[in-house]
1. When region 20-42 is examined, which residues are found to be farther than 12 Å from Val65 by Cα and either buried (at least 18 other Cβ atoms within 10 Å of the Cβ) or modelled with pLDDT of 85 or more (or both)?
2. Condition first: of a type outside the set (A, V, I, L, M) and on the phi > 0 side of the Ramachandran plot. Can you find one or more residues in region 27-37 that meet it?
3. Of all residues being small (Gly, Ala, Ser) and out of contact with any Phe, Trp or Tyr (no Cβ under 9 Å at 6 or more places or on another chain) in region 45-70, which is surrounded by the most Cβ atoms within 10 Å (Cβ to Cβ)? Just the residue, please.
4. Could you list, in sequence order, all residues of region 115-130 that are in a helix (DSSP H, G or I) and not hydroxyl-bearing (Ser, Thr, Tyr)?
5. Do any residues in region 123-138 that are over 19 Å from Ser26 (Cβ atoms) and of a type in the set (A, V, I, L, M) have Cβ atoms under 6 Å from those of residues that are modelled with pLDDT under 95 and not in a strand (DSSP E or B), where the two are at least six apart or on different chains, and which pairs are they?
6. Having 2 or more residues that are in contact (Cβ under 8 Å) with a residue 12 or more places away in the chain, touching a Leu at 6+ places or on another chain (Cβ under 8 Å) and of a type outside the set (Gly, Ala, Ser) is the bar; report the helices (runs of 4 or more DSSP H) wholly within region 1-78 that clear it.
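The values are calculated or read from the model by the stated rules, or taken from the named source; none is laboratory data. Quick caveat: nothing in here was measured; it's all calculated off a predicted structure. Every residue, glycine as well, gets a Cβ built from its backbone with ideal geometry; the counts of neighbours run over all protein chains shown.
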Amino acid sequence: MIKGGDVTLDVREMMVYFNIGSPEESHAIQANDGQGIGLLRSEFLYLAANEYPSEEEQFEAYKEVATVTNGKQVVLCILDIGADRQVEYFHLRKEENPVMGVRAIRIRLNRQEVFRTQLRALYRASAFGKAAIMFPIITSV
């Protein structure tokens, strides 16, 4: 069992953060004495739906994770649909190199209301824990 905050033989403290793909996986943090969630992938909400998840649906999922982790850091990765994760209702065109194509922040800038909805849900859920946001695929200002 991995324990967060353990000390190595050379007396260095290690902080253990978990990467998870759904709220159900957040219970492992407490069971294994993790220091928090290093990455919560938000795609689970979109992949399980037939349409864009509402702000309320997203809020409830993020709130559950924030509550279960009991004040420990939770880093939420904004939606990264595209490349290897496709959702039909996004109607993304096929790309020769989807990894470098329209995904992550690029989709968010093209579909700003979807982005705003996710940010509002996360902001609301942050009242129940310690939340941070990660923006993937950003290489410069």
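1. Listed by number, the residues that qualify are Gly34, Gln35, Gly38.
2. Checking region 27-37: at least one residue is of a type outside the set (A, V, I, L, M) and on the phi > 0 side of the Ramachandran plot.
3. Going through the qualifying residues, I end up with Ser54.
4. Within region 115-130, the subset in a helix (DSSP H, G or I) is 115-128.
Matches in region 115-130: Phe115, Arg116, Gln118, Leu119, Arg120, Ala121, Leu122, Arg124, Ala125, Ala127, Phe128.
5. Pairs found: Ile137/Ala104; Ile137/Ile105; Ile138/Ile105.
6. Details: elements: 27-31, 43-47, 55-68.
Because the criterion is at least 2 residues that are in contact (Cβ under 8 Å) with a residue 12 or more places away in the chain, touching a Leu at 6+ places or on another chain (Cβ under 8 Å) and of a type outside the set (Gly, Ala, Ser), the helices (runs of 4 or more DSSP H) in region 1-78 that meet it are 43-47, 55-68.
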